[in-house]
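Enquirer: Below are the structure tokens for one structure; questions will follow.
The values are calculated or read from the model by the stated rules, or taken from the named source; none is laboratory data. Given the structure is predicted, the values throughout are model-derived calculations rather than measurements. We place every Cβ from the backbone using ideal geometry, glycine too, and count neighbours over all the protein chains shown.
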There are 2 protein chains.
Amino acid sequence: MALVVQKFGGSSVADAARIHRAAARAIRARQAGHRVIVVVSAMGDETDRLINLAFQITPRPSRRELDQLLSTGEQVSIALMAMAIHHAGVPAVSLTGGQIGLRTDRTYGRARILGVTQRGRIESLLSEGQVVIVAGFQGVDEELNVTTLGRGGSDTTAVALAAVLKADACEIYTDVDGVFTADPRIVPTARKLDRVVYEEILELAAQGAQVMHSRSIELAMNYNVVVHVRHSAREGEGTMIVQESPELEQTVVRGAALRRDLARVGLLGGPLGSAVAARAFAAIAEVGLIVDDIIQNTHGSDGTTNISFTIDAAEMSEARDVVQRLSRELGFRAVEIDQDVAKVSVVGIGMRSHAGVAARMFAALDRAGVLIENITTSEIVIGCIVRREQGELALRAVHEEFQLGAAPAGGR
Amino acid sequence: MALVVQKFGGSSVADAARIHRAAARAIRARQAGHRVIVVVSAMGDETDRLINLAFQITPRPSRRELDQLLSTGEQVSIALMAMAIHHAGVPAVSLTGGQIGLRTDRTYGRARILGVTQRGRIESLLSEGQVVIVAGFQGVDEELNVTTLGRGGSDTTAVALAAVLKADACEIYTDVDGVFTADPRIVPTARKLDRVVYEEILELAAQGAQVMHSRSIELAMNYNVVVHVRHSAREGEGTMIVQESPELEQTVVRGAALRRDLARVGLLGGPLGSAVAARAFAAIAEVGLIVDDIIQNTHGSDGTTNISFTIDAAEMSEARDVVQRLSRELGFRAVEIDQDVAKVSVVGIGMRSHAGVAARMFAALDRAGVLIENITTSEIVIGCIVRREQGELALRAVHEEFQLGAAPAGGR
């Protein structure tokens, strides 16, 4: 008798009909003889409604009270989900983060999970044959103050429960069929992947693929939880997110991704020496700017240092003043800001042992008429900064080059 | 430094503006140097919205899950109230029923309070100068399952906290100016009472005056909590609900009330003997029918028993079959149902020691042309069953007779 954790996101429980549909999934697993834990998010745009209520009261709600407020969204969902399962004659019980003792630190709004104290209660309810429905996204600190886990929080709850209870499967139900070789809205030939390795999905998420939040994937990787991404309304096998295996390594490039929303900052003509780069990025981190990639750190022939990096374009308006100030303080001659860049990346664990991937990528982009402005690489990613308007063209070109639309002969 | 409990009902926190207004009350008390606990209900019709969600899922939601669902209403209110108090620069912290350890039994939907385990936490927050905001209507059982207290539940929470923490005042903010000698919508000369005794308000509530639920008044009486009923939007002294005192006993009749919504049931021609009445009311209690008054139990000259009682008219359609069945089982000859009766009552602790109140009441009704169909009395109440269409006329007549609109010379 396997233990299955099923997580349903906000769009999968947005109304009564969808709650019944999600309930039917849980019931089917229960009737197949499994022990079933269901983790749910707040209904549809309930979280937005609650945030709006808070901002009607004050422009600066306290984080503690915001968490107290927002956690009600998931509590409504679990109660309704339990009712829907009861309606089908199957026993079920709903539990909040506090009721399962999902302990976190006190970082309201993005708390870290410390443990699950009521593991015994969950297990005893499961042995009674109950479907156990748990509120995602929320926990409590040691004084029972309500905390929330931040972006992707319900996925994190599901993975954490799967890890703690040593579940056989952790199914994430969402509104896509699984993880694709590229965004199908941009690349019509994009193919759903049956399997993908944790490190790959982490990089794909970082490079702009929106399937699960990196944090929950990291947790799954650390505790070796096999995550199964599936469509909540359609049948189909979805995508398994698994550990690296010799079989999976045969595929050199697993997927391609596009980040359209980047801005590039250049700090030009600074004093020579490695110390200046260290000081620059320390200062950038201190002001809370999140740098996507450091793309260049060059020493000019005139004895000066040039530093370039990318950040989220949405943060650029806020960042502009900070960057100007840093430039002056650190002795750079000029700041160059380009708000219209994108990054196309290919990701694959197989690329570690295969030379020539970068060369094939650059050649393909060149043939497609895409100008590569900068290159960034890591062990399993090669990324090219291009003009934003060439981003989609670039994505299609690399997807084609590595034949990602066709299942490769050796791997899957 | 006094400890004040302030309770705001749903209409007093129905939107952001009203929440700020209620917050201002709490802040004023805090700034006057008091320690302040605020108990709040769910916003306006939030409870109805949640019940509606449940019934979209299933016609028979489980009571446990309904409590899990409904308790979110008050949780939203406390978070918003805390934000409103913060907005004015005053420290405040919101706590759910679970967070203050308001322990109840497991009677979902109408749980009884067993105690408050986190009294120390409340007291330590108060000593820090925090306004402590508590979710009304909710508690938890020993396994931390969420329970709700049923009708008037937030008043009960406020009174219970005032009792446990030995508060100096328990202020119930509502949308009326206080307790009146009669319903001012029916009797324009009705006067607000400055003081009323627990027993009187209990009878007035039972006789149809809608100020506070009997349960919270009983709790206040048992723990001698002085309850202060006040208008949430208007200034004014409201009504104090207090212990009996010699001064208050000087007023013979404190108030008059009208219950318009009664039906009278007669079970006619049953077997003689007291046992039959006992059997009849035992059977009535068993099927869950709530009898308002037993108004007659007579032995006819033909050697039969007649039993009459009143019930809520709204329950009559459901009760009709039950009553017919009971009548057959117990050997009555016929059932007589009158769906159009009302009851006018006068209430006052002073009436215990004053003869002649009943006679004055009957004479006044007679002069007003009201036909008295039945009479029911208890130690501090005299009630007359009349035709429903004569109910308002009857109420005005007795209000006038006892000069309730003018403050009596001796008492208040």
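Enquirer: With respect to residue A:195, is the statement that it is among the basic types (Lys, Arg) and touching a helix residue (DSSP H, G or I) at 6+ places or on another chain (Cβ under 8 Å) true? Break it down into steps so the answer makes sense when it comes.
Expert: Details: among the basic types (Lys, Arg): yes; touching a helix residue (DSSP H, G or I) at 6+ places or on another chain (Cβ under 8 Å): yes.
Yes, satisfied.
Enquirer: Taking the criterion of being assigned to a helix (DSSP H, G or I) and crowded, with 19+ Cβ neighbours inside 10 Å, would at least one residue in the stretch B:294-308 satisfy it?
Expert: Pass one, the stretch B:294-308, residues assigned to a helix (DSSP H, G or I): none.
No, because not a single residue in the stretch B:294-308 is assigned to a helix (DSSP H, G or I) and crowded, with 19+ Cβ neighbours inside 10 Å.
Enquirer: Among the residues of the stretch B:17-39, which ones are within 14 Å of chain A (Cβ to nearest Cβ) and either in a loop (DSSP other than H, G, I, E, B) or without any contact (Cβ under 8 Å) to a residue 40 or more places away in the chain (or both)?
Expert: Within the stretch B:17-39, just B:17 meets the criteria.
Enquirer: Let me ask something additional. When you scan the stretch B:152-167, how many residues do you find that are out of contact with any Ser or Thr (no Cβ under 9 Å at 6 or more places or on another chain) and not in a helix (DSSP H, G or I)? Break it down into steps so the answer makes sense when it comes.
Expert: Step one: list which residues in the stretch B:152-167 are out of contact with any Ser or Thr (no Cβ under 9 Å at 6 or more places or on another chain), which gives B:161-167.
Now narrow it down to the ones that are not in a helix (DSSP H, G or I): B:165-167.
Looking only at that region, the number is 3.
Enquirer: If you go through the stretch B:109-136, how many residues are in a loop (DSSP other than H, G, I, E, B), at pLDDT 95 or above, within 14 Å of chain A (Cβ to nearest Cβ) and touching a helix residue (DSSP H, G or I) at 6+ places or on another chain (Cβ under 7 Å)?
Expert: Count: 0.
Enquirer: Going by the structure shown, is residue B:174 within 13 Å of chain A (Cβ to nearest Cβ) and either touching a Phe, Trp or Tyr at 6+ places or on another chain (Cβ under 6 Å) or of a type in the set (Ser, Thr, Tyr) (or both)?
Expert: Details: within 13 Å of chain A (Cβ to nearest Cβ): no; either touching a Phe, Trp or Tyr at 6+ places or on another chain (Cβ under 6 Å) or of a type in the set (Ser, Thr, Tyr) (or both): yes.
No: the conditions fail for residue B:174.
Enquirer: Quick check on my filter: what residues within the stretch A:1-16 are out of contact with any Asp or Glu (no Cβ under 9 Å at 6 or more places or on another chain), surrounded by fewer than 24 Cβ atoms within 10 Å (Cβ to Cβ) and away from every other protein chain (no Cβ under 11 Å)? It would help to see each step written out before you state the result.
Expert: Narrowing the stretch A:1-16 to residues out of contact with any Asp or Glu (no Cβ under 9 Å at 6 or more places or on another chain): A:1, A:8, A:13, A:15-16.
Adding the requirement that they be surrounded by fewer than 24 Cβ atoms within 10 Å (Cβ to Cβ) leaves A:1, A:15-16.
A:1 - this is the single residue of the stretch A:1-16 that is out of contact with any Asp or Glu (no Cβ under 9 Å at 6 or more places or on another chain), surrounded by fewer than 24 Cβ atoms within 10 Å (Cβ to Cβ) and away from every other protein chain (no Cβ under 11 Å).
Enquirer: Could you check the stretch B:367-407 and list, in sequence order, the residues that are of a type outside the set (A, V, I, L, M), closer than 23 Å to residue B:184 by Cα and free of Cβ contacts under 8 Å to residues at least 60 places away in the same chain?
Expert: Narrowing the stretch B:367-407 to residues of a type outside the set (A, V, I, L, M): B:367, B:369, B:373-374, B:376-379, B:383-384, B:387-392, B:396, B:399-403, B:405.
Add one more test, that the residue is closer than 23 Å to residue B:184 by Cα, and what stays is B:367, B:369, B:383-384, B:387-392, B:396, B:399-403, B:405.
Those that are of a type outside the set (A, V, I, L, M), closer than 23 Å to residue B:184 by Cα and free of Cβ contacts under 8 Å to residues at least 60 places away in the same chain: B:367, B:369, B:384, B:387, B:389, B:390, B:401, B:403.
Enquirer: Residue B:327 is checked against (1) of a type in the set (Gly, Ala, Ser); (2) modelled with pLDDT of 85 or more; (3) not in a helix (DSSP H, G or I) and fails just one. What number does that condition carry?
Expert: (3)
Enquirer: Have a look at B:257, B:190 and point out the one that is within 14 Å of the chain's Cα centre (by Cα), surrounded by 19 or more Cβ atoms within 10 Å (Cβ to Cβ) and among the small types (Gly, Ala, Ser).
Expert: On the way: B:190 fails: within 14 Å of the chain's Cα centre (by Cα).
That would be B:257, the only listed residue that is within 14 Å of the chain's Cα centre (by Cα), surrounded by 19 or more Cβ atoms within 10 Å (Cβ to Cβ) and among the small types (Gly, Ala, Ser).
Enquirer: Still on this structure: Looking at (1) out of contact with any His (no Cβ under 6 Å at 6 or more places or on another chain); (2) surrounded by 15 or more Cβ atoms within 10 Å (Cβ to Cβ), which is the only condition residue A:240 fails?
Expert: (1)
Enquirer: For the stretch A:88-96, state whether one or more residues are free of Cβ contacts under 8 Å to residues at least 40 places away in the same chain, of a type outside the set (Val, Ile, Thr) and surrounded by 24 or more Cβ atoms within 10 Å (Cβ to Cβ).
Expert: Within the stretch A:88-96, the subset free of Cβ contacts under 8 Å to residues at least 40 places away in the same chain is A:89.
In the following step, the residues that additionally are of a type outside the set (Val, Ile, Thr) were identified as A:89.
If we keep only those that are surrounded by 24 or more Cβ atoms within 10 Å (Cβ to Cβ) too, we end up with none.
The answer is no, given that none of the residues of the stretch A:88-96 is free of Cβ contacts under 8 Å to residues at least 40 places away in the same chain, of a type outside the set (Val, Ile, Thr) and surrounded by 24 or more Cβ atoms within 10 Å (Cβ to Cβ).
Enquirer: Applying the selection to the stretch B:63-100, what residues are under 13 Å from residue B:147 (Cβ atoms) and either more than 10 Å from chain A (Cβ to nearest Cβ) or in a loop (DSSP other than H, G, I, E, B) (or both)? Before the answer, list the steps.
Expert: Residues of the stretch B:63-100 that are under 13 Å from residue B:147 (Cβ atoms), as a first pass: B:63-71, B:74, B:96-98.
Correct list: B:63, B:96, B:97, B:98.
Enquirer: Still on this structure: Would a scan of the stretch A:176-185 turn up a residue that is buried (at least 22 other Cβ atoms within 10 Å of the Cβ) and over 24 Å from residue A:8 (Cβ atoms)?
Expert: Within the stretch A:176-185 (the criterion being buried (at least 22 other Cβ atoms within 10 Å of the Cβ) and over 24 Å from residue A:8 (Cβ atoms)), the answer is yes, since at least one residue qualifies.
Enquirer: Is it the case that the stretch A:227-246 has a residue that's over 30 Å from residue A:5 (Cα atoms) and either touching a residue at least 60 places away in the same chain (Cβ under 8 Å) or in a strand (DSSP E or B) (or both)? Please lay out each step first, then the result.
Expert: Kept after step one, since they are over 30 Å from residue A:5 (Cα atoms), are these residues of the stretch A:227-246: none.
Looking for residues that are over 30 Å from residue A:5 (Cα atoms) and either touching a residue at least 60 places away in the same chain (Cβ under 8 Å) or in a strand (DSSP E or B) (or both), one finds none in the stretch A:227-246, hence no.
Enquirer: Give me the pairs: first residue in the stretch A:40-62 and more than 9 Å from chain B (Cβ to nearest Cβ), second residue among the aromatic types (Phe, Trp, Tyr), beta-carbon distance under 9 Å, and six or more apart or on different chains, which are they?
Expert: Hits for this filter: A:40/A:8; A:41/A:8; A:41/A:137; A:42/A:137; A:47/A:137.
Enquirer: What do you reckon, is residue A:338 more than 21 Å from residue A:255 (Cβ to Cβ), assigned to a strand (DSSP E or B), among the charged types (D, E, K, R) and within 27 Å of the chain's Cα centre (by Cα)? Write out each step before concluding.
Expert: Values: more than 21 Å from residue A:255 (Cβ to Cβ): yes; assigned to a strand (DSSP E or B): yes; among the charged types (D, E, K, R): yes; within 27 Å of the chain's Cα centre (by Cα): yes.
Here the answer is yes, as residue A:338 does meet what is asked.
Enquirer: Hey, another quick one. I'm trying to understand the selection: among the residues of the stretch B:186-220, which are modelled with pLDDT of 90 or more and assigned to a loop (DSSP other than H, G, I, E, B)?
Expert: Scanning the stretch B:186-220 gives B:186, B:187, B:188, B:189, B:190, B:191, B:193, B:194.
Enquirer: Hey, does the stretch B:223-236 have a residue that's basic (Lys, Arg), under 28 Å from residue B:395 (Cβ atoms), surrounded by 20 or more Cβ atoms within 10 Å (Cβ to Cβ) and outside the structural domain of residue B:112 (by TED's automatic domain parsing)?
Expert: Of all residues in the stretch B:223-236, those basic (Lys, Arg) come to B:230, B:234.
In the following step, the residues that additionally are under 28 Å from residue B:395 (Cβ atoms) were identified as B:230, B:234.
Next cut, surrounded by 20 or more Cβ atoms within 10 Å (Cβ to Cβ) only: B:230.
Then drop every residue that is not outside the structural domain of residue B:112 (by TED's automatic domain parsing), which leaves B:230.
Yes - at least one qualifying residue is present in the stretch B:223-236.
Enquirer: Mind telling me which of the residues A:79, A:32, A:42, A:26 ends up being under 19 Å from residue A:7 (Cβ atoms) and touching a Leu at 6+ places or on another chain (Cβ under 6 Å)? Walk me through it before giving the result.
Expert: Values: A:32 fails: touching a Leu at 6+ places or on another chain (Cβ under 6 Å); A:42 fails: touching a Leu at 6+ places or on another chain (Cβ under 6 Å); A:26 fails: touching a Leu at 6+ places or on another chain (Cβ under 6 Å).
Selected residue: A:79, the only one of A:79, A:32, A:42, A:26 that is under 19 Å from residue A:7 (Cβ atoms) and touching a Leu at 6+ places or on another chain (Cβ under 6 Å).
Enquirer: Counting only residues that are under 19 Å from residue B:93 (Cβ atoms) and touching a Ser or Thr at 6+ places or on another chain (Cβ under 8 Å), how many does the stretch B:1-18 have? It would help to see each step written out before you state the result.
Expert: The initial filter retains those residues of the stretch B:1-18 that are under 19 Å from residue B:93 (Cβ atoms), namely B:1, B:3-8, B:13.
The next check asks that each one be touching a Ser or Thr at 6+ places or on another chain (Cβ under 8 Å); those that pass are B:7-8, B:13.
Within the stretch B:1-18, residues that are under 19 Å from residue B:93 (Cβ atoms) and touching a Ser or Thr at 6+ places or on another chain (Cβ under 8 Å) number 3.
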